Every structure is written in C-alpha cells, then in structure tokens.
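Peer 1: Below is a structure I'd like to ask you about.
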Amino acid sequence: MREITKNAAGVRLAASNYQNIPKGLREQKSYIFWRLESVSKSSKLIKIPINPSTLNPGGQNNPRCFIDLEEAVTRLQLEESQINPRFHGIGLAFHNTDTIGLDLDHVYDENGNLKPLAKEVLENIEGFVEESISGNGFHVITKTDDPNIQNSINTELGLDIFRNNSFIALTGLAVKNNWADTFPSKPVNLNALKKYLHTDTYDGSNDFDNFKKPDPNWSLERVENELLNALPNDLSYPKWLEVGMCLHFQFDGSLMTHLKLLIVLA
C-alpha cells in the first residue's frame, strides 16, 4: 500500500518523488502548482491549478507563468513547512504542444488485473508512466503530432486526455515498465489508444461521443426540438460536458448559438 503523508495543514497527500521525472520532461518549462480544495459543503476534494506567479487559481493556460521543475520542487519544499500552505503539489501544464497527458483511472478489475485499455496503453505507448495520486490509476506523459488528439473526458472508459488548457497533478511515482525511465524525443505511435476513441458521426441516438465532423442535418432548431428534449433529467455532469463539447464542435464555437442554447436549457 502506498505511503500517505500529511502537510503542516493536515491535508492528506500521497508520497511523491519528483526526482523520478526523466530528462526531457524535466527540462520542459511547463510546471505549475496545484491545491486541494473541498467542493461546496461536501467532503470531496478536487485539485485546482495554482499560478506560480500570483499563487491565485489558474495558470494552466498561461505559459508566461510556467516554471521549471527545479524551481517548482524548491518552492514546494518551502511551502510544505508552512502552517497554511498555499499549494500542495506540482502540476504539469499542457498548452497545445506535442506533449500530452493520459489519465487512466480505475485501471484494475475485481480480480486485481489491469483492464484492457490500461494494459494496452502501458505496454505499447512510449512515455513517462507514474502512479496517480489516488493510487487507482496511472498518468502517461507522451508526445504526438496528431492534431486530432485533443482534450477529452470519458468516465466510462476511465480515460482523460490533456492537450491544452489543462494540467496533471504529478507524483513522480514511476511505474516500472518498458518506458519508466525515458521520455520520448519525438512523437510516438498512439494506435493502441486510438482504437478506444470514438470517431463516428452522430447517428441520432443519445450517445454524445460520436462526432467526427459537423453534420449539416443538425440545425439549431433541430437540436432544440429533438436532441435537448430527449436528454434524461438525471444526465450526469460528465455527460453534460460531453453534450456541450459536441454542440461547440457542431456549431463551430458560435457564441450566439451557445447563448440561445443556454436560454433553452435555463
């Protein structure tokens, strides 16, 4: 079982070892901080990005505030000694370069074996692999030159992809596989990942994962009268995000379209 530590404020944090982050990734000036915060009145904690320049929330989309890993580690060590630390760990920011992050969650089945997606990714995709903070998943930091690989969230698969305006809370707890001590110097083959990604056009069902290109048959009026009326009342928050991303893609990010849809949904 992985060691759990507490900082001066009593926040429970997983042990980390940023020295395991390999050369090539260490040299990137793409680091920020993150902090644990509770969600409203619940006991659930979420990780929010912290701007290294201002120590305010955000910064994951602002390369001007990024710092290198050496500075991040030094500042974190100083912060951990404070009674009320302003951040709890180091994050790697993704800002539309060839470096991407894969977040694999709930990677084991009921028998303790790796699920197919996690097994294929770990065995076939070169990159730095570390255990996630939860202890139930992995982060894979790798490279791609495929412009179609963009931010995505799939809670059913347990797979998040980070490419832009996003970050991963690093642990440095390297997973000892073929790639543990390396970081690729050039784009890698992601075929083992792509087979799990949806690429079909929308077929008229309530599956919102299947857009490939805007469908001219879906007008704003049709979306309002058919799609939105067909949404279940108990649609989960991740699915609402997927609906929003699909609509953003279908209408090419039109501001007026989004305003109209917000009025419809209100």
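The values are calculated or read from the model by the stated rules, or taken from the named source; none is laboratory data. Predicted model only: the values in this text are computed from it and were never measured. For neighbour counting, all protein chains shown are included, and Cβ atoms are generated from backbone atoms with ideal geometry for every residue, glycine included. Areas reflect the complete protein model, heavy atoms only, side chains present, ligands, DNA and RNA absent. Shrake-Rupley method; radii C 1.70, N 1.55, O 1.52, S 1.80 Å.
Peer 1: Measuring with a 1.4 Å probe in the full set of protein chains, what accessible area per residue, in whole Å², belongs to segment 63-145?
Peer 2: The answer is 46 Å² per residue.
Peer 1: Summing Lys, Arg as +1 and Asp, Glu as -1, what charge do residues with Cβ under 9 Å from the Cβ of Phe138 carry, Phe138 excluded?
Peer 2: Local charge sum for Phe138: -4.
Peer 1: Here's a follow-up. Let me know the Rg and Dmax you get for segment 39-180 when you use only its Cα atoms, in Å.
Peer 2: 15.9, 46
Peer 1: Which GluC sites (Glu not before Pro) in segment 34-95 pass both tests, a DSSP loop state and at most 11 other beta-carbon atoms within 10 Å?
Peer 2: Answer in residue order: no site qualifies.
Peer 1: Express the carbon and sulfur contribution to the solvent-accessible surface of segment 62-205 as a percent, rounded to the nearest whole number, probe 1.4 angstrom.
Peer 2: The nonpolar share, carbon plus sulfur, comes to 45 percent.
Peer 1: Sticking with this structure for a sec: Provide the net charge surrounding Ser53, with neighbours chosen by a C-beta distance below 14 Å and charges set as Lys +1, Arg +1, Asp -1, Glu -1.
Peer 2: So the environment of Ser53 carries a net charge of +2.
Peer 1: I've got another one for you. Within segment 60-150, which trypsin sites (Lys or Arg not before Pro) sit in a loop by DSSP and count at most 16 neighbouring Cβ atoms inside 10 Å?
Peer 2: Counting only loop positions with at most 16 other Cβ atoms within 10 Å, the trypsin sites (Lys or Arg not before Pro) in segment 60-150 are Arg86.
Peer 1: Ok, one more. Taking segment 103-160, which GluC sites (Glu not before Pro) meet the DSSP loop condition and have no more than 16 other C-beta atoms within 10 Å?
Peer 2: Glu110, Glu156
Peer 1: Now a separate question. How would you classify segment 128-194 from its alpha-carbon gyration tensor, with a ≥ b ≥ c the square roots of the eigenvalues: rounded for a/c under 1.5, else prolate if a/b is greater than b/c, otherwise oblate?
Peer 2: oblate
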